[in-house]
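Read the structure below first, then the notes.
The values are calculated or read from the model by the stated rules, or taken from the named source; none is laboratory data. What you are looking at is a predicted structure, and each value in this text was computed from that prediction instead of being measured. Using ideal geometry, Cβ is built from the backbone for each residue, glycine included, and neighbour counts are taken over all protein chains shown. Ligands, DNA and RNA are excluded from the accessible area calculation, which covers all protein heavy atoms including side chains. Shrake-Rupley method; radii C 1.70, N 1.55, O 1.52, S 1.80 Å.
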Amino acid sequence: MADLRTRFAGIASPNPFWLASAPPTDKEYNVVRAFKAGWGGAVWKTLGEDPPIVNTASRYGTLEVGGMRMVGFNNIELITDRPLEVNLREIAQVKRAWPDRALIISLMVPCEEESWKQILKRVEATGADGVELNFGCPHGMSERGMGSAVGQVPDYVEMVTRWCKAHSRMPVLVKLTPNITSILGPARAAKRGGADGVSLINTLNSVIGVDLDQMAPMPTVAGKGTHGGYCGPAVKPIALHMVAEIARDPECAGLPISGIGGIATWRDAAEFLALGASTVQVCTAAMHYGFKIADDLVDGLGNWMDEKGYADLGGLVARAVPNVTDWQHLDLNYKTVARIDQDLCIKCGLCHIACEDTSHQAVAQHKNGAGRRYEVIDQECVGCNLCMHACPVTGCISMVEIETGLPTVTWKEHPNNPMRRA
Ligand SMILES: Cc1cc2nc3c(=O)[nH]c(=O)nc-3n(C[C@H](O)[C@H](O)[C@H](O)COP(=O)(O)O)c2cc1C
């Protein structure tokens with residue numbers, strides 16, 4: 001099978017699958033079970049200063065879509081609520097027992113140089129492979145001037161990263177918050193501060209729902225609620241976009257990326273790798289299905305890489321990045337139209353309704369005798385894909401390329417563009 005070994009910012013792991021900093025990595029018991037199940041690494045649940053924080057009950061909420069549980073997941077949990085000493089002792093034990101796995105320690109302390117210096121010294125003594133600076137948690141800690149309150153200000157990101165590089169020999173990863181207009185500000189700041197890599201995304205500000213009996217946002221705590229951090233499959237598109245933006249940014253060139261956000265299958269992971277991540281981290285999927293999914297992730301990615309002829313991750317990582325571009329560079333003369341496979345069509349009419357009511361009236365409905373038939377009107381079809389996505393039968397509607405004989409034309413060159421270059 002393809003070689004899945006990874007070296008990320010100098011940190012080695014037998015495969016690119018790490019558990020993200022969260023409840024699955026909050027204690028030795030969990031991390032040992034995860035390593036036994038085959039995870040290549042773990043980012044220990046964020047450590048802070050003593051006395052430990054206090055968590056609420058309840059603290060999780062979920063979004064269910066069409067019967068699928070936990071499509072989106074929301075939490076108002078804070079960093080670890082266990083004493084620092086206990087965590088550090090367990091980290092040292094785990095690293096000694098599992099020297100080949102990546103063990104990275106997530107950290108969050110007040111924005112003071114001395115606080116970072118002190119905790120870095122203690123983490124270094126455990127033998128851990130590196131640290132990840134948690135500039136992401138959007139709730140609870142941010143109100144105390146930590147987490148996303150730091151991550152949203154590039155100057156603070158750069159300053160704290162610089163302190164950590166100055167006071168530690170360990171690789172420093174910076175975990176970024178998606179609660180920002182452009183991810184490039186904090187990513188570039190991390191690089192300027194000397195970060196050895198970035199990991200993203202942490203959770204997004206969210207209210208997952210409202211309890212209409214208690215009239216309070218969920219999850220509720222004694223009848224009240226607050227915004228939490230959103231993650232799970234629903235956030236994957238946001239994470240992929242942010243990873244790609246960093247991967248193609250000349251100022252971030254060479255900065256290793258650990259991709260996080262909604263990864264549940266090997267295919268999700270392959271997409272993050274193709275867009276520039278060289279390791280991936282998983283939280284919600286492990287909380288939903290348990291540590292055993294590592295088998296499917298590792299085997300699935302390895303088998304697919306064999307099929308595609310990728311001998312190791314080097315050939316796959318960032319492979320799709322050259323094809324990520326800005327809208328203005330797309331070929332406006334490229335044309336596709338929809339095709340309906342009449343043998344697969346179940347005559348539900350959704351393609352017709354969607355196109356008729358909201359798009360281009362390009363799917364004709366023919367009634368012949370007792371039956372119905374749907375056909376695409378090529379001259380009206382703009383190739384938008386709506387019918388294909390609305391169709392409940394996989395493979396029934398596909399998009400086919402139409403040869404127009406026209407040359408490639410981008411918006412920059414298009415005659416409709418008043419600013420076009422001659
Ligand atoms: C219950 C819960 C607790 C979390 N705690 C932390 C934390 O302590 N530190 C941290 O950096 N991220 C924390 N996260 C964020 C995850 O590490 C991860 O960035 C996020 O969940 C996105 O990944 P996912 O979609 O695979 O869950 C937490 C997430 C959840 C769901």
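Rounded to a whole number, what % of the accessible area of the chain do carbon and sulfur atoms account for, probe 1.4 Å?
Whole-percent figure for carbon plus sulfur exposure: 52.
Calculate the translational D of the chain in whole µm² s⁻¹ from Stokes-Einstein, where the hydrodynamic radius comes from the Kirkwood formula applied to all Cα pairs, the temperature is 20 °C and the viscosity 1.002 mPa s. If you can, show how the numbers build up before the last one.
Values: Rh = 23.6 Å.
The diffusion coefficient I find is 91 µm²/s.
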#### Entry: Amide H within-cut-off set for Glu132, under 5 Å, with H built and near neighbours excluded
Ile105, Ser106, Leu107, Leu173
### Query
Applying the Karplus parametrisation 6.51 cos²θ - 1.76 cosθ + 1.60 with θ = phi - 60° to the phi angles of segment 219-234, what ³J(HN,Hα) value in whole Hz is obtained for each residue in order, glycine and proline being reported as x?
x, 8, 10, 6, x, 10, x, 8, 5, x, x, 9, 7, x, x, 4
### Query
Hey, rough spin-label estimate for Met68 and Asp211, points 7 angstrom out along Cα→Cβ, what's it come to in nanometres?
2.8
### Query
So, counting K/R as plus one and D/E as minus one, what does the shell of residues with Cβ under 15 Å around Lys335 add up to?
-4
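Write down, largest first, the equivalent ellipsoid semi-axes of segment 111-258 in whole Å, where each equals the square root of 5 times an eigenvalue of the alpha-carbon gyration tensor.
Details: eigenvalues 171, 77, 31 Å².
Its equivalent ellipsoid spans semi-axes of 29, 20, 12 Å.
Over all distinct alpha-carbon pairs, what is the Kirkwood Rh of segment 305-372 in angstrom?
On the way: mean 1/r = 0.0595 Å⁻¹.
Final number for the Kirkwood radius of segment 305-372 is 16.8 Å.
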### Query
Say we join alpha carbon atoms closer than 10 Å with springs in a Gaussian network model of the chain; which of Ala190, Ala286, Ala362 then has the biggest fluctuation?
Ala362
## Note on the structure
If one compares the long axis through the Cα atoms of helix 113-124 with the longest principal axis of the Cα atoms of the chain, the angle in degrees, nearest 10, works out at 90
### Task
Output ³J(HN,Hα) for segment 270-283: one whole-Hz value per residue in order, computed from phi by the Karplus curve 6.51 cos²θ - 1.76 cosθ + 1.60 with θ = phi - 60°, and x for Gly and Pro.
4, 5, 4, 5, 4, 8, x, 6, 10, 9, 10, 10, 10, 10
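Arrange the peptides 101-112, 129-140 so that the one whose residues have, on average, the most other Cβ atoms within 10 Å appears first. Kindly include the intermediate steps, with their values, before the conclusion.
Numbers: 101-112: 23.2, 129-140: 25.4.
Going by the mean number of other Cβ atoms within 10 Å, highest first, we get 129-140, 101-112.
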### Message
Need one number: nm distance between label points at Asp295 and His329, each 7 Å from Cα along Cα→Cβ, rounded to one decimal.
### Response
4.3
### Task
Return the lysines within reach of Lys347: Cα separation strictly under 21 angstrom, same-chain partners fewer than 8 residues apart disregarded; answer none if there are no such residues.
Lys367
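Solvent-accessible area per residue for segment 355-422 at a 1.4 Å probe radius, Å²?
On a per-residue basis, 71 Å².
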### Task
Determine which lysines satisfy two conditions relative to Lys236: a Cα distance under 28 Å, and not lying fewer than 8 residues away in the same chain.
Lys27, Lys36, Lys45, Lys175, Lys191, Lys292, Lys308
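Which whole-number percent is the relative contact order of the chain (Cα, under 8 Å, 6+ apart)?
On the way: 904 pairs, mean separation 59.1, N = 422.
Result for the chain is 14 percent.
Using DSSP to define loop residues, name the chymotrypsin sites (Phe, Trp or Tyr not before Pro) in segment 302-371 whose beta-carbon has at most 13 other beta-carbon atoms within 10 Å.
Passing sites in segment 302-371 are Tyr334.
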### Per-residue ³J(HN,Hα) for segment 91-106, Karplus 6.51 cos²θ - 1.76 cosθ + 1.60, θ = phi - 60°, Hz, x for Gly and Pro
4, 4, 5, 5, 5, 4, 7, 10, x, 7, 9, 6, 10, 10, 10, 7
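What is the gain in length, in nm to one decimal, between Arg33 and His366 on full extension, counting 0.36 nm per residue of separation less the C-alpha to C-alpha distance?
Details: separation 333, 0.36 × 333 = 119.88 nm, distance 5.95 nm.
Here the answer is 113.9 nm.
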### Task
Roll a 1.4 Å probe over the protein chains and send me the accessible area per residue for segment 1-158 in Å².
40
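Skip the ligands, DNA and RNA, and give the accessible area per residue of segment 223-325 with a 1.4 Å probe, whole Å². Display every interim value, and only then the final one.
Values: 4270 Å² over 103 residues.
Solvent-accessible surface per residue comes out at 41 Å².
Can you sort Thr408, Thr284, Thr181 by solvent-accessible area, 1.4 Å probe, largest first?
Numbers: Thr408 95, Thr284 10, Thr181 145 Å².
Ranked from most to least accessible, the order is Thr181, Thr408, Thr284.
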#### Entry: Rounded Å value of the spacing that divides the Cα centres of segment 181-207 and segment 312-328
20
### Task
Collect residues whose amide H, placed 1.01 Å from N in the peptide plane, falls under 5 Å from the amide H of Asn205; neighbours closer than 5 in sequence don't count.
Tyr230
### Task
Treat each spin label as a single point 7 Å out from the Cα along the C-beta direction, and report the Glu124 to His389 distance in nm.
5.1
